[in-house]
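*Asks:* Here it is, the structure in full.
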Amino acid sequence: MKLNHKNIACLLLALTSILANADNGVETKFLGANNTHVKVMAEANYILLPIQDSNDDSKINVIVDGELHETIYAKLSKSKTDFYVPYDLSKLKGKNVILDIVTSQSRSSVREAKDDACWKDIKLANSFDTSNRETKYRPAFHHTPLYGWMNDPNGMFYKDGVWHLYYQLNPYGSKWQNMTWGHSTSNDLIHWEHQPNAITQNGLGTVFSGSSVIDRHGSAGFGNDAIIALYTSASTSQMQSLAFSSDNGYTFHNFNGNPILTLETEARDPNMFWNDVTKEWNMVLAHALEHEILFFSSNDLKNWTLRSRFGKGFGCQDGVWECPDLFELPVEGSNLKKWVLIVNINPGGPFGGSATQYFIGNFDGYTFTADKSADGTIPTKWLDFGKDHYATVSWNNAPDGRRVLIGWMSNWQYAADVPTLQYRSANTLPRDISLFKDDNGDIFAICKPSPELISLRGRLTKKVNHANISNAVKSFSLPTENRGICEINLDIDATKSQQVNLVISNKEGEKVVIEYNPQKHTLLFDRTRSGIIDFSTNFPAITMAPTFEKSGKLSLQIFIDHSSIEIFGNNGKSNMTNLVFPKSPYTNLTISSENGKTLIHNLSIHSINMQ
């Protein structure tokens with residue numbers, strides 16, 4: 001072939017393409033408009049997958065030495081790469097690894113498919129940078145995944161001074177997919193250390209929500225003090241599977257007799273506990289589409305007997321029932337004990353989307369009987385009156401007889417659309433739950449911030465013992481350290497006022513409005529002007545909670561993180577959890593009173609220290 005400028009240019013283009021491919025450590029072969037092979041050409045710990053959050057999922061079959069190893073789904077980049085996620089190759093070194101990729105978006109030709117950004121951006125690496133690249137909105141003192149999508153907390157237990165938190169995780173993107181049990185541990189419920197993923201998808205499907213217990217006497221046959229996890233295997237159908245751990249929950253092995261429980265209809269999220277009265281294991285299981293909870297018992301955690309059902313016609317019947325929990329608590333100020341049945345629902349929450357309802361009643365190990373109100377009905381009760389409190393479940397074996405809860409701090413209406421990419425979603429602050437009886441004799445839940453949170457308090461930036469508030473606005477500066485995260489406490493005496501207004505705002509004019517109405521005994525939260533709200537029509541919202549008081553007096557404890565505000569009213573009787581996305585940190589608190597004076601006592605504002 002006679003070389004000319006045109007031929008030289010073509011050869012240089014081809015060589016450039018080969019060298020670029022070699023630099024990335026992979027060889028790409030296009031098999032068709034929507035099918036591509038990416039072959040690993042060098043040893044590395046990870047292959048980094050380029051992700052475009054707005055794209056459709058690609059199906060990735062991981063082929064190892066000619067055999068299908070697993071199938072995952074990822075939104076591989078088409079026009080641009082928003083971020084990377086790692087696929088772990090460390091256990092596959094010395095083997096032939098090919099990613100057989102099927103893209104879902106239509107391509108008219110191979111030539112068009114070659115233009116996708118992912119083919120030039122995919123690469124090998126020995127490390128993956130997990131440092132926080134979303135400092136603006138990633139929470140400072142709430143648990144979040146290191147990267148990727150997170151939803152329901154799962155399988156939590158406490159053992160030997162360590163709180164174990166598992167959670168629904170997509171390791172390969174920031175939207176729901178590839179459900180896996182992520183794992184974090186903490187010695188104080190505040191500072192979390194990320195652990196390797198605990199339970200990953202297998203031949204029965206992906207790994208949905210469930211629970212864990214400490215099998216003290218080895219009833220399941222895996223040894224004394226083994227950690228036993230039950231979870232929902234989700235594929236074409238849903239079934240319940242068991243995994244066990246002999247190293248305190250850091251690694252799990254799937255039981256070779258899975259699934260341990262199958263039903264003819266959709267059921268999920270098994271939650272189990274040891275019943276000291278009946279001396280057997282109990283389990284609650286969400287019969288999701290039937291809007292009921294199923295109750296089982298077992299002697300060995302493997303063979304379960306259906307005992308009863310509860311729920312049809314009671315509580316909120318919208319959406320699906322999910323993530324149940326059942327436990328017994330004393331009622332404050334009495335010798336009475338009652339059982340609490342938590343049922344998370346989606347949709348059907350009091351302000352749209354997902355929320356956590358609960359029932360108070362009696363449980364004999366076989367049947368749950370809900371208490372009725374004075375009017376003879378079984379009321380719908382909500383654990384939190386914000387938009388962003390869901391999938392709430394408790395730790396097994398919490399110390400000192402405590403029952404500690406944590407939830408998913410988001411809402412299915414917009415969880416996949418919030419303005420973050422490196423990670424999606426956080427957990428609520430941990431809360432200790434107890435029970436109280438109101439003036440009508442009805443029993444309700446109290447959810448107080450767990451006492452460990454007191455250690456978060458940093459510098460006291462404002463202290464006011466007493467203040468008279470009228471129509472004239474009184475203003476208080478919020479801390480500036482750590483980009484404005486803080487805790488606000490105050491007692492309100494509005495017996496001579498019609499309404500008290502608290503406004504939390506920033507220099508951009510963005511604000512959250514909190515209104516206490518002492519006549520209606522309600523607390524309102526308005527985030528319609530709180531910051532970025534246009535990513536979903538369901539996000540700009542006003543939520544309202546009953547204050548469970550008749551005195552015109554209200555105490556408030558408010559936690560402000562980079563993208564959330566949690567309000568605890570009257571020591572946990574009246575709570576609201578809401579996400580916010582201000583363009584700059586909130587810097588100011590104002591208080592005013594309508595049609596009468598309000599007395600403010602014990603106002604304190606603390607910065608939050610995460611060292």
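*Asks:* Let me spell it out: the conditions are (1) modelled with pLDDT under 95; (2) within 23 Å of Thr461 (Cβ to Cβ), and Lys550 meets all of them except one. Which number is the exception?
*Replies:* For Lys550, the exception is condition (2).
*Asks:* In addition: Check off (1) open to solvent by less than 40 Å² (accessible area, probe 1.4 Å); (2) not in a strand (DSSP E or B) for Ile293 and give me the number that stays unchecked.
*Replies:* (2)
*Asks:* Of the residues Tyr158, Tyr137, which single one is touching a Pro at 6+ places or on another chain (Cβ under 9 Å) and in a strand (DSSP E or B)? So that I can check it myself, show each step before the final result.
*Replies:* Numbers: Tyr137 fails: in a strand (DSSP E or B).
Residue meeting the stated conditions: Tyr158.
*Asks:* Can you tell me which residue within the range 588-604, out of those that are under 33 Å from the mean Cα position of the chain (by Cα) and surrounded by 17 or more Cβ atoms within 10 Å (Cβ to Cβ), is nearest to Leu556 (Cα to Cα)?
*Replies:* Selected residue: Leu603.
*Asks:* Scanning the range 301-321 for residues that are open to solvent by 30 Å² or more (accessible area, probe 1.4 Å) and not in a loop (DSSP other than H, G, I, E, B), which turns out farthest from Lys381 (Cα to Cα)?
*Replies:* Thr305
*Asks:* Of (1) part of a loop (DSSP other than H, G, I, E, B); (2) open to solvent by 10 Å² or more (accessible area, probe 1.4 Å); (3) at pLDDT 95 or above, Asp432 satisfies all except one. Which?
*Replies:* Here Asp432 clears every test but (1).
*Asks:* Select from the range 358-372 the residues that are open to solvent by 20 Å² or more (accessible area, probe 1.4 Å), of a type outside the set (Val, Ile, Thr) and part of a loop (DSSP other than H, G, I, E, B) and list them in ascending order.
*Replies:* Asp364, Tyr366, Asp371, Lys372
*Asks:* Pick from the range 442-467 the residues that are open to solvent by 30 Å² or more (accessible area, probe 1.4 Å) and among the β-branched types (Val, Ile, Thr): which of them is farthest from the chain's Cα centre (by Cα)?
*Replies:* That would be Thr461.
*Asks:* Inspect all residues belonging to the range 338-350 and state whether any of them is within 27 Å of Ile567 (Cα to Cα), open to solvent by 10 Å² or more (accessible area, probe 1.4 Å) and polar (S, T, N, Q).
*Replies:* For the range 338-350, residues within 27 Å of Ile567 (Cα to Cα), open to solvent by 10 Å² or more (accessible area, probe 1.4 Å) and polar (S, T, N, Q): present.
*Asks:* Taking only the range 156-193 into account, find how many residues are of a type in the set (Phe, Trp, Tyr) and touching a helix residue (DSSP H, G or I) at 6+ places or on another chain (Cβ under 8 Å). Quick ask: steps written out before the conclusion?
*Replies:* To start, the set of residues in the range 156-193 that are of a type in the set (Phe, Trp, Tyr) comprises 157-158, 163, 166-167, 172, 176, 181, 192.
So of that shortlist, the ones also touching a helix residue (DSSP H, G or I) at 6+ places or on another chain (Cβ under 8 Å) come out as 158, 176.
Qualifying residue count, the range 156-193: 2.
*Asks:* Identify the residue in the range 174-207 that is within 15 Å of the chain's Cα centre (by Cα) and under 22 Å from Asn55 (Cβ atoms) and, among all such residues, is most open to solvent (accessible area, probe 1.4 Å).
*Replies:* Trp176
*Asks:* Any residue in the range 374-396 that is without any contact (Cβ under 8 Å) to a residue 40 or more places away in the chain sitting within a Cβ distance under 6 Å of a residue that is assigned to a loop (DSSP other than H, G, I, E, B)? List the pairs, counting only those 6 or more apart or interchain.
*Replies:* Hits for this filter: Trp382/Pro350.
*Asks:* Within the range 563-587, how many residues are open to solvent by less than 10 Å² (accessible area, probe 1.4 Å) and either small (Gly, Ala, Ser) or without any contact (Cβ under 8 Å) to a residue 24 or more places away in the chain (or both)?
*Replies:* Count: 5.
*Asks:* Oh, and also: Which residue out of Asp375, Asp439, Asp400, Asp384 is open to solvent by 30 Å² or more (accessible area, probe 1.4 Å), under 22 Å from Asn271 (Cα atoms) and out of contact with any Phe, Trp or Tyr (no Cβ under 8 Å at 6 or more places or on another chain)?
*Replies:* Working: Asp375 fails: under 22 Å from Asn271 (Cα atoms); Asp439 fails: under 22 Å from Asn271 (Cα atoms); Asp384 fails: open to solvent by 30 Å² or more (accessible area, probe 1.4 Å).
Answer to the check: Asp400.
This table checks each residue for (1) within 29 Å of the chain's Cα centre (by Cα); (2) farther than 25 Å from Leu421 by Cβ; (3) surrounded by fewer than 16 Cβ atoms within 10 Å (Cβ to Cβ); (4) at pLDDT below 95.
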{"position": "Lys6", "(1), (2), (3), (4)": "no, yes, yes, yes"}
{"position": "Cys10", "(1), (2), (3), (4)": "no, yes, yes, yes"}
{"position": "Ala14", "(1), (2), (3), (4)": "no, yes, yes, yes"}
{"position": "Leu19", "(1), (2), (3), (4)": "no, yes, yes, yes"}
{"position": "Thr36", "(1), (2), (3), (4)": "no, no, no, no"}
{"position": "Ile51", "(1), (2), (3), (4)": "yes, no, no, no"}
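*Asks:* Given Asn254, Asn258, Asn197, which one is touching a Gly at 6+ places or on another chain (Cβ under 8 Å) and at pLDDT 95 or above?
*Replies:* Working: Asn254 fails: touching a Gly at 6+ places or on another chain (Cβ under 8 Å); Asn258 fails: touching a Gly at 6+ places or on another chain (Cβ under 8 Å).
Just one listed residue meets the conditions, Asn197.
*Asks:* Suppose we filter Asp215, Asp247 for residues that are open to solvent by 10 Å² or more (accessible area, probe 1.4 Å) and either without any contact (Cβ under 8 Å) to a residue 12 or more places away in the chain or not polar (S, T, N, Q) (or both); which single one remains?
*Replies:* On inspection, the qualifying residue turns out to be Asp247.
*Asks:* Go over the candidates Gly386, Gly407, Gly458 one by one and state the one that is touching a strand residue (DSSP E or B) at 6+ places or on another chain (Cβ under 8 Å) and within 30 Å of Tyr84 (Cβ to Cβ).
*Replies:* Exactly one residue qualifies, and that residue is Gly407.
*Asks:* Only residues that are in a strand (DSSP E or B) and under 28 Å from the mean Cα position of the chain (by Cα): list them for the range 476-501, please.
*Replies:* Here is the first cut: in the range 476-501, the ones in a strand (DSSP E or B) are 476-477, 486-493, 499-501.
Result: Cys486, Glu487, Ile488, Asn489.
The values are calculated or read from the model by the stated rules, or taken from the named source; none is laboratory data. Everything numeric here is computed off the predicted structure, so don't read it as measured data. Reconstructed Cβ throughout: ideal geometry from the backbone, glycine too, with neighbour counts over all protein chains shown. Side chains included, ligands, DNA and RNA excluded: accessible areas come from the protein's heavy atoms. Shrake-Rupley method; radii C 1.70, N 1.55, O 1.52, S 1.80 Å.
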